[in-house]
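**Student:** The structure follows.
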Amino acid sequence: MQTSDPKELKNHDPDCLVLGIESSCDETAAAVVAGGRRILSNVIASQADLHRRYGGVVPEIASRMHLEAIVPVIDEALREAGVDLDGIDVIAATRGPGLVGALLVGLSAAKGLALVTEKPLVGVQHIAGHVAANYLTDPDLEPPFLCLVVSGAHSHIVRVEADDRFQILARTRDDAAGEAFDKIARAIGLGYPGGPLLDRAAQSGRPDAVELPRTTLADSLDFSFSGVKTAALNQLNRLIQQAEKSERTWQDLVPLADFAASFQQAIVDVLVDHTMQAAASTGLRRLALAGGVAANSCLRRCLQAAADQAGLILTVPLPILCTDNAAMIAAAGYRAYKSGRRDDLSLDAVPYLDLDI
Ligand code: KG4
Ligand code: ZN
């Protein structure tokens, strides 16, 4: 990282246009955001249909599809925003964590554009990007605040101390919340990607139909979802065996909607409980939600109810800004740029990149 002349920094410049680029997993995305707040375009090319037949993201296919999509997606983002590259002030791209071959496509495109246009380049940590979706949602939100970041790979409670400074208060010791949703969704035959399908299936279900554990660890707000996942798989196997004896299906014994709602509630209860404990112990009165799992309707509802009860203000981005997108990367890039961050062409993709370093 290089820090350049601070005079160059335009503090809170509502006209500063950032081109954001995201390619860490299976979405090729580009967006233009003004002043880190106002979305001028937000283009997302999802590969979900391609990976569905394999039941998960295939890294080599993801990289190849990013290569095909990246230039048209960036072109489309600029066209929709009504600007050309000359009008862009900063180029921001996800540098990690994520699939290295996938990350390299977006990052190389950003570096190429920065080289030819001589515009500043800023590498963005993907989780910081998810957090920044909240700046696009609430025009008054400023650090410090607490953010629950729940995605396919991460479950963090983050204290956002400043634009480019974060402290992780809790993380998962094993599975991420999204990973647990995806695994159980697949086990009950819902397909891929499992989280949104399980959310939909749970709509008409009873959340107390299947008894499942809520795991908390001693003296820590860290999460552990492997126990509830195993308990759900064991329950499912028991139901399958029981049903086979009388030539029925497990869903004749427990409706799929009830199973889905019970699992969802078990995950959500722990996420909400730990977040509220973190709010109480830090004294922070502003909460935010981020990451793909933040699109979950039960989590949105339950965290809002808990925040209301405790008198805390909660920001919840629209579902399209919770799952991977480049507007959030542009918003985070703006914040990092404003804090003096500059990267050069030696910037590399980092598959395991922490937030608080
Ligand atoms: O943030 P994201 O788009 O990608 C990562 O950075 O991982 O998150 C993807 C995760 C997947 O596990 C997906 O199943 C989950 O978010 N997800 C949901 C919902 N929408 C997406 N999980 C539960 N309910 C949803 N509505
Ligand atoms: Zn993500």
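The values are calculated or read from the model by the stated rules, or taken from the named source; none is laboratory data. Here the structure is a predicted model, which is why all the values come from computation and not from measurement. As a convention, Cβ positions derive from the backbone with ideal geometry for all residues, glycine included, and neighbour counts pool all protein chains shown. SASA here: full protein model, heavy atoms, side chains in, ligands and nucleic acids out. Shrake-Rupley method; radii C 1.70, N 1.55, O 1.52, S 1.80 Å.
**Student:** In whole percent, and with a 1.4 Å probe on the protein chains, what portion of the accessible area of the chain is carbon and sulfur? Write out the running numbers ahead of the final one.
**Tutor:** Values: 7740 of 15140 Å².
It is 51 percent, rounded to a whole number.
**Student:** Also, I was wondering about something else. Would you mind working out the accessible area per residue for the chain, using a 1.4 Å probe, and quoting it in Å²? Mind dumping the intermediate values first?
**Tutor:** Numbers: 15140 Å² over 357 residues.
I get 42 Å² per residue for this part.
**Student:** To the nearest 10 degrees, how steep is helix 256-282 against the longest Cα principal axis of the chain, on a 0 to 90 scale?
**Tutor:** Roughly 50 degrees between the two axes.
**Student:** Now, a different point. So what is the relative contact order of segment 25-173, in percent, for Cα pairs below 8 Å that sit 6 or more residues apart?
**Tutor:** Details: 218 pairs, mean separation 26.3, N = 149.
RCO, segment 25-173: 18 percent.
**Student:** Treating the beta-carbon of each Lys and Arg as +1 and of each Asp and Glu as -1, no other charges, what is the dipole magnitude of the chain about its Cα centre, to the nearest 20 debye? Mind dumping the intermediate values first?
**Tutor:** On the way: 32 positive and 45 negative charges, 123 e Å.
Charge dipole, the chain, about its Cα centre: 580 debye, nearest 20.
**Student:** Under 8 Å for C-alpha pairs, at least 6 residues apart: give me the relative contact order for the chain, rounded to a whole percent. Could the numbers behind the result be given before it?
**Tutor:** On the way: 808 pairs, mean separation 94.6, N = 357.
It comes to 26 percent, rounded to a whole number.
**Student:** Also, I was wondering about something else. Output the peptides 41-54, 335-348, 175-188, 126-139 sorted from most to least packed, where packing is the average of other Cβ atoms within 10 Å over each peptide's residues.
**Tutor:** Output ranking for 41-54, 335-348, 175-188, 126-139: 126-139, 175-188, 335-348, 41-54.
**Student:** Give the value in nm², to one decimal: projected area of the alpha carbon convex hull of segment 145-316, averaged over all directions.
**Tutor:** That works out to 9.8 nm², a quarter of the Cα hull's surface.
**Student:** Relative contact order (percent) for segment 145-316, with alpha-carbon contacts under 8 angstrom and 6 or more residues of separation? Spell out each step's value before the answer.
**Tutor:** Working: 316 pairs, mean separation 46.9, N = 172.
Relative contact order here is 27 percent.
**Student:** Then there is this: Separation of segment 34-64 and segment 272-300 by C-alpha centroid, Å?
**Tutor:** The distance from the Cα centre of segment 34-64 to that of segment 272-300 comes to 25 Å.
**Student:** Given the rule -39500 (n - 2.57) for each run of at least 4 DSSP H residues, summed and divided by the residues of the chain, what is its mean residue ellipticity at 222 nm, to the nearest 500 deg cm²/dmol? Working shown, then result.
**Tutor:** Numbers: 12 runs with 154 residues, N = 357.
Only helices count here, giving -13500 deg cm²/dmol.
**Student:** Further question: What is the ratio of the Cα radius of gyration of the chain to 2.2 N^0.38 Å, with N the residue count, to two decimals?
**Tutor:** Working: Rg = 20.9 Å, N = 357, 2.2 N^0.38 = 20.5 Å.
Normalised Cα radius of gyration, the chain: 1.02.
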